[in-house]
Amino acid sequence: MSTQVASPAAPARAKQPAPRRRGGSHKLSKGDKGVLAVMVGIPTLIVLLLVWIPMLLSIALSFTKWNALALSDIKPAGLSNYDFVLNNYPPFWPAVEHNIIWLLFLAVVATPLGLFLAVLLDQNIRGSRIYQSVFFTPVMLSLPLVAIIWQLMYARNEGLINNVLGTANGPNAIDWFGDSSVNLWAALIAATWRHAGYIMVLYLAGLKGIDPSLREAAAIDGASSSQTFFRVVFPSMRPINIVVIVITIIEALRAFDIVYVINRGTNGLELIGALVVQNLVGEGQVIGVGSALAVMLLVVSLVPITFYLARTFRRED
Amino acid sequence: MSSSNTLVTPDHIANPIPAETRGRAKTRHTGTHLLLIALAVMWLIPLLWTLYTALRPKAETDKYGYFSVGGTYNFDNFSNAWEQAGLGTYFVNSVIITVPTVLLTLLFASMMAFAVSRFSWRFNITLLIMFTAGNLLPPQVLAAPLFSIFKFIPLPLSISDSGNFLNTYYSVIMVNTAFQIGFCTFVLSNYMKALPQELTEAALVDGAGVWKQYYSIVMPLCRPALAALGTLEVIFIYNEFFWPLLFIQSGNRLPITTGIKNLQGQFLNDYNLIAAGATFTIIPTLIIYLLLQRHFVAGLTLGASKG
């Protein structure tokens with residue numbers, strides 16, 4: 001799963017060509033209105049039926065008890081699913097903790113690393129393109145593939161890391177993805193390997209868009225390069241910073257694929273996204289519990305989504 | 001590169017103390033290179049290790065250990081992995097899912113973007129916000145209802161052997177399309193808004209209908225954006241793991257990204273075979289990357305940069 005967010009800068013800039021003088025709909029013939037209705041209607045219907053209505057149904061299902069066998073089996077259950085998740089579902093609180101750690105790790109390590117790479121590569125450096133390609137390659141790979149590649153690094157006896165540490169085939173060999181005291185961090189390193197390159201690309205674009213005269217002015221004023229960066233360059237990339245913040249939060253909330261491939265999100269790798277799926281897939285489906293978890297994920301996700309949309313569309317209306 | 005050149009040139013002409021700064025900049029670059037090389041090596045090790053493991057026969061890694069040099073190197077793991085895991089089927093399934101999804105997404109998103117960006121009507125911004133928001137939701141939020149809807153809507157057995165939408169490509173194509181339309185609509189509508197309004201107004205005066213404006217005026221001008229989004233979406237859909245996992249039960253319908261989850265189970269602890277399977281999976285993405293890197297990066301940064 002990849003999060004894509006477009007910059008709020010774009011709509012504002014796109015507006016500059018002229019005062020808005022759109023082709024008013026009163027000029028349109030009946031046939032044209034029909035064509036437009038179809039052009040709007042089909043995509044809207046698709047999004048409505050397959051995104052928004054399911055989202056509302058998810059909320060509804062979270063207040064029911066259902067094993068997904070027959071529609072007539074759906075029974076109202078009040079808040080019992082939420083009560084169960086909060087009080088009697090052992091993996092829930094570890095999962096909340098892991099999602100928070102995931103977010104903090106991305107925000108403190110992976111995202112700044114991406115910014116750092118972008119700053120290094122934005123200098124007039126020989127071979128910049130080659131470095132960029134290297135850091136960018138993992139971004140092209142799917143998260144399940146990232147998990148498998150890192151499994152080859154982390155395996156107890158076969159993995160590169162235990163072999164380099166000299167612990168392979170011995171009693172001290174660490175099963176990096178299996179040992180619940182380290183596997184979350186091992187998964188986060190794998191996630192960082194991919195996330196940092198993505199952030200790097202976004203910031204490289206941002207840095208290129210900065211008016212050179214800003215840096216010149218700062219240099220003439222005697223600012224050091226770090227002062228120039230933190231006081232002038234970084235703040236002027238505000239639109240991209242917002243996109244990056246939103247991407248980082250949403251990635252942390254969506255985190256699922258890597259842990260699901262490792263062990264379906266158990267034994268130290270519990271994440272809310274994985275718990276939802278565990279309750280929906282396979283035997284003994286507990287749709288109500290899965291939906292309650294999904295709704296909690298939805299409520300938290302609405303915070304960054306609303307923040308982003310409010311900023312992006314504020315000047316549109 | 002070119003734009004960082006333009007950053008540097010005026011600077012050292014204008015700068016009253018260029019010699020000193022340039023001297024310092026040069027020494028700093030050596031350090032930067034060392035740092036970048038170290039990081040780049042760290043970044044490449046997992047990929048190189050995968051390739052290296054894949055090239056060695058299991059018998060020899062068992063004998064010498066995985067962390068060793070020597071013995072024979074060959075492509076046996078690749079042919080074994082291909083046959084044993086049925087990777088060919090997975091790849092075909094990926095194509096069956098990816099191609100229609102990307103085409104439908106671009107078609108619907110461009111129609112919607114055209115309608116919201118070239119005409120003003122009530123609710124056009126509201127709809128655009130709904131489209132964009134939908135794309136940002138965690139997919140797990142939609143999982144239970146979509147699964148149930150697909151399970152309980154009957155399909156004739158001649159179309160689906162499960163008698164419903166589960167275990168079909170349709171379900172994955174439909175949901176992927178619905179989920180991606182929002183993002184593409186948002187990007188394309190920004191792109192279309194930036195096109196001069198006079199273009200379509202002139203066409204309107206000439207009597208061109210709405211469809212003609214869309215099809216023969218706006219769409220050709222959107223080619224760069226469509227190329228970038230198309231490349232991006234191909235990679236996204238190819239890499240999509242979640243929806244096939246949820247909707248498709250039988251292994252021979254899975255696309256490669258969801259199918260490789262089974263490699264570990266199938267090959268147990270034969271890491272050489274797993275490595276070979278993983279390498280296969282990387283190849284299509286690498287080809288697209290090498291051919292269309294520019295479009296892909298442009299797609300990722302569309303709207304985030306001036307362009």
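Readers should treat all values here as calculations from the given coordinates under stated rules, not as data from a laboratory. Bear in mind that the values here come from a model prediction, so they are computed numbers and not experimental data. No Cβ is skipped: glycine too gets one built from the backbone with ideal geometry, and neighbour counts run over all protein chains shown.
Working value for segment A:75-313: equivalent-ellipsoid semi-axes of 37, 26, 13 Å, each the square root of 5 times a Cα gyration tensor eigenvalue, largest first. Springs join every pair of Cα atoms under 10 Å in this Gaussian network model of chain A, and among A:R254, A:R194, A:R231 the largest mean-square fluctuation is at A:R231.
Using Cβ point charges alone (K and R +1, D and E -1), the dipole size of segment B:86-259 about the Cα centre works out to roughly 140 debye. Can you work out the FRET efficiency for the pair A:A310 and B:S68, with r the C-beta to C-beta distance and R0 = 56 Å, to the nearest 0.05? That gives a FRET efficiency of 0.45.
Dipole of chain A computed with +1 at Lys/Arg Cβ and -1 at Asp/Glu Cβ about the Cα centre; of A:Y308, A:A191, A:A274, farthest Cα towards the positive end is A:Y308.
Indicate the gyration tensor shape class of segment B:86-259 (rounded, prolate or oblate), computed on the Cα atoms with a ≥ b ≥ c the square roots of the eigenvalues: a/c under 1.5 is rounded; otherwise a/b larger than b/c is prolate and the rest oblate. Since a/c reaches 1.5 and a/b is larger than b/c, the shape of segment B:86-259 is classed as prolate. Placing unit charges on the Cβ atoms only, positive for Lys and Arg and negative for Asp and Glu, gives the protein assembly as shown a dipole magnitude near 1860 debye about its Cα centre. Couplings 3J(HN,Hα) for segment B:132-142, derived from phi with the Karplus relation 6.51 cos²θ - 1.76 cosθ + 1.60 (θ = phi - 60°), are 5, 4, x, 5, 8, 5, x, x, 4, 4, 9 Hz, where x marks Gly and Pro. Among the residues of A:109-120, the average count of other protein chain beta-carbon atoms within 10 Å of the residue beta-carbon is 1.
Sorted from fewest to most neighbouring beta carbons within 10 Å, what does the list B:T126, B:T301, B:T105 look like?
Details: B:T126 12, B:T301 24, B:T105 28.
The most exposed by this proxy come first: B:T126, B:T301, B:T105.
The dipole here belongs to segment A:154-220: it is taken about the Cα centre, uses +1 on the Cβ of Lys and Arg and -1 on the Cβ of Asp and Glu, and is about 120 debye.
Here the spin labels are modelled as points 7 Å beyond Cα on the Cα-Cβ line, and at A:R231 and B:I45 they lie 3.9 nm apart. Taking the Cα centre of segment B:75-201 as the origin and placing charges on Cβ (Lys, Arg +1; Asp, Glu -1), which of B:M174, B:A85, B:L199 is farthest toward the positive end of the dipole? Checking the options against the dipole of segment B:75-201, the answer is B:L199. Across segment B:229-246, computed HN-Hα scalar couplings (Karplus, 6.51 cos²θ - 1.76 cosθ + 1.60, θ = phi - 60°) run 5, x, 4, 4, 5, 4, 5, 4, 6, 4, 8, 5, 10, 6, 5, x, 4, 6 Hz from first to last residue, x flagging Gly and Pro. For segment A:159-239, the normalised intensity computed at q = 0.10, 0.23, 0.24, 0.25 Å⁻¹ comes to -0.50, -1.06, -1.11, -1.15 (log10 of I(q)/I(0), Debye sum over alpha carbons, equal scatterers, no solvent). Each of A:V47, A:V286 was scored by other Cβ atoms within 10 Å of its Cβ. Arranged with the fewest first, they read A:V286, A:V47.
Using 0.36 nm per residue and subtracting the Cα-Cα separation, the extra length available between A:A107 and A:N241 on full extension is 47.1 nm.
Net length available on complete extension from B:A227 to B:R294 is 23.1 nm, with 0.36 nm assigned per residue and the Cα-Cα distance removed.
In terms of the Cα gyration tensor, with a ≥ b ≥ c the square roots of its eigenvalues, is chain B rounded because a/c is under 1.5, prolate because a/b exceeds b/c, or oblate? Oblate. Note on chain B: with a GNM built from Cα contacts shorter than 10 Å, the maximum mean-square fluctuation among B:L286, B:L51, B:L104 falls on B:L286. Between the listed residues B:L142, B:G265, A:L145, the Cα displaced farthest toward the positive end of the dipole of the protein assembly as shown, a dipole computed from Cβ unit charges relative to the Cα centre, is found at B:L142. Remark: segment B:270-280, residue by residue, has Karplus-estimated 3J(HN,Hα) of 7, 5, 5, 5, 4, 4, 5, x, 4, 4, 4 Hz, where x stands for each Gly or Pro and the curve is 6.51 cos²θ - 1.76 cosθ + 1.60 at θ = phi - 60°. Rounded if a/c is under 1.5, else prolate if a/b is larger than b/c, else oblate: which is the protein assembly as shown, with a ≥ b ≥ c the root eigenvalues of its Cα gyration tensor? Cα axes put the protein assembly as shown in the oblate bin. Taking A:K30, A:K208, A:K75 as the candidate residues, the one with maximal mean-square fluctuation in a Gaussian network model of chain A, Cα springs under 10 Å, is A:K30. Near A:T64, the amide H atoms lying under 5 Å from its own belong to A:A77; only residues 5 or more places off or on other chains count, and H is placed 1.01 Å from N. Projected label points at A:T266 and A:R129, each 7 Å from Cα along the beta carbon direction, are separated by 4.9 nanometres.
Neighbour counts of other Cβ atoms within 10 Å put B:T231, A:T137 in the fewest-to-most order A:T137, B:T231. Taken along the Cα-to-beta-carbon direction at a fixed 7 Å, the label points for A:K75 and A:D211 span 6.8 nm.
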